[in-house]
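The values are calculated or read from the model by the stated rules, or taken from the named source; none is laboratory data. Just so it is clear, the structure is predicted and the values come from calculations on it, not from any experiment. Cβ placement follows ideal geometry from the backbone for every residue including glycine, while neighbour counts extend to all protein chains displayed. These accessible areas exclude ligands, DNA and RNA; they are computed on the full protein's heavy atoms, side chains included. Shrake-Rupley method; radii C 1.70, N 1.55, O 1.52, S 1.80 Å.
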Amino acid sequence: MALTISNLTKTYPNGTQALKGVTLTIPNGMFGLLGPNGAGKSSLMRTIATLQDADTGSIWLDDIDVLRDKEAVRRVLGYLPQEFGVYPRVSAEELLDHFAVLKGIGNSKERKETVAALLQQTNLYEVRKKHVGGYSGGMKQRFGIAQALLGNPRLIIVDEPTAGLDPAERNRFHNLLSEIGENRVVILSTHIVSDVSDLCRSMAIINKGEVLLTGDPLSVMNELKGKVWKKLVEKTELPALQAAHTVISSRLFAGKTVVHVLADSAPDSGFEAVQPDLEDVYFAEIKNSELKVALQ
């Protein structure tokens, strides 16, 4: 099973080019779509989910033409959008049963068994009688996954699912996503780099509507090996370093600033080589794309 996207474009009425010739092959399993806010991730997710039309291009889920046969897509799609609204005064059990009816599960016995199994899978069974409005952010996201799993979908899309979750809820959500990503296409759209490095076997980085990089996390990290250098500097030294070198990231540590620089060799004797992680890859790709735009 695979999702194949070819030359997909989308420009909104206000002139914003959200997607610029996006081409991706997304295999079975967890796929991470990584990019900053405004990169085009949600536009791509909404297009795949049949919530908006593309201007040009094609999307195929195996033999289903996603852009033309929307009803066929919706029968095999599970979707957790970035903003997932719920009826606050309805219990999780009642609301999931309602969604199951909408999904076409008409047999009451089958529906009851399905709802119970999904609430067990998402660790919500013990609080199934509680109103969803009283759930924590992480519980609401797990409920969102439960509704996305109705009908045993072949394609699942989750858009920025861990934003705002505390570390414990985020860990629970990661465990849940890893369970459901075994036998179907699951697209995880996020700006949180560790979500992708923790969960995904393959990935892409997108910025300003363009795909910058595709591959598996380990391979793309290895490609930067020997090219990322670290130095602890005073905050006042940062502007000069940024002017002289390709600084891909900087963060505070113990009152000083840790900078990561992209270079084929050590910029000076104060730098030490570091093993690149996915965050280095991400920032390097975003930095390079911004430099290309600036030079145009």
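Residues that are out of contact with any helix residue (DSSP H, G or I) (no Cβ under 7 Å at 6 or more places or on another chain) and under 26 Å from Gly209 (Cα atoms) are absent from region 244-255. In region 39-57, the qualifying residues are those that are touching a residue at least 12 places away in the same chain (Cβ under 8 Å) and part of a loop (DSSP other than H, G, I, E, B), and the one that is farthest from Glu71 (Cα to Cα) is Ala39. For region 107-151, a residue qualifies if it is in a loop (DSSP other than H, G, I, E, B) and touching a helix residue (DSSP H, G or I) at 6+ places or on another chain (Cβ under 9 Å), and the qualifying residues are Thr122, Asn123, Leu124, Arg128, Lys129, Lys130, Tyr135, Ser136, Leu149, Leu150, Gly151. Scanning region 13-41 for residues that are out of contact with any strand residue (DSSP E or B) (no Cβ under 6 Å at 6 or more places or on another chain) and hydroxyl-bearing (Ser, Thr, Tyr) turns up just one, Thr16.
Taken over region 217-273, the criterion of being hydroxyl-bearing (Ser, Thr, Tyr) and under 27 Å from Ile192 (Cβ atoms) is satisfied by Ser219, Thr246, Ser249, Ser250, Thr257. Beta carbons closer than 8 Å, at least 6 apart along the sequence or on distinct chains, pair a first residue in region 190-212 that is within 18 Å of Thr25 (Cβ to Cβ) and in contact (Cβ under 8 Å) with a residue 24 or more places away in the chain with a second that is open to solvent by 50 Å² or more (accessible area, probe 1.4 Å) and in a loop (DSSP other than H, G, I, E, B) for Arg201/Asp216; Ser202/Asp216; Met203/Asp216.
Residue-by-condition table, conditions (1) within 29 Å of Ser197 (Cβ to Cβ); (2) free of Cβ contacts under 8 Å to residues at least 60 places away in the same chain:
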| position | (1), (2) |
| --- | --- |
| Val127 | no, yes |
| Lys130 | no, yes |
| Gly133 | no, yes |
| Ala146 | yes, yes |
| Leu149 | yes, no |
| Pro161 | yes, no |
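Selection of region 12-38 for residues being assigned to a strand (DSSP E or B) and open to solvent by 60 Å² or more (accessible area, probe 1.4 Å) yields Gln17, Lys20, Thr23, Thr25. Could we say that Glu237 is farther than 29 Å from Leu24 by Cα, touching a residue at least 12 places away in the same chain (Cβ under 8 Å), of a type outside the set (A, V, I, L, M, F, W, C) and touching a Lys or Arg at 6+ places or on another chain (Cβ under 6 Å) here? Considered against the rule, which asks whether it is farther than 29 Å from Leu24 by Cα, touching a residue at least 12 places away in the same chain (Cβ under 8 Å), of a type outside the set (A, V, I, L, M, F, W, C) and touching a Lys or Arg at 6+ places or on another chain (Cβ under 6 Å), Glu237 comes out as no. Considering the conditions (1) farther than 21 Å from Pro81 by Cβ; (2) surrounded by fewer than 18 Cβ atoms within 10 Å (Cβ to Cβ); (3) modelled with pLDDT of 90 or more; (4) not charged (D, E, K, R), Thr114 is excluded by exactly one of them, (2). Answer yes or no: is there a residue in region 79-87 that is among the aliphatic types (A, V, I, L, M) and either modelled with pLDDT under 90 or closer than 30 Å to Lys41 by Cβ (or both). Checked region 79-87: at least one residue is among the aliphatic types (A, V, I, L, M) and either modelled with pLDDT under 90 or closer than 30 Å to Lys41 by Cβ (or both). Going by the structure shown, is Ala72 over 16 Å from Ser189 (Cα atoms) and not in a strand (DSSP E or B)? Spelling it out, Ala72 is indeed over 16 Å from Ser189 (Cα atoms) and not in a strand (DSSP E or B).
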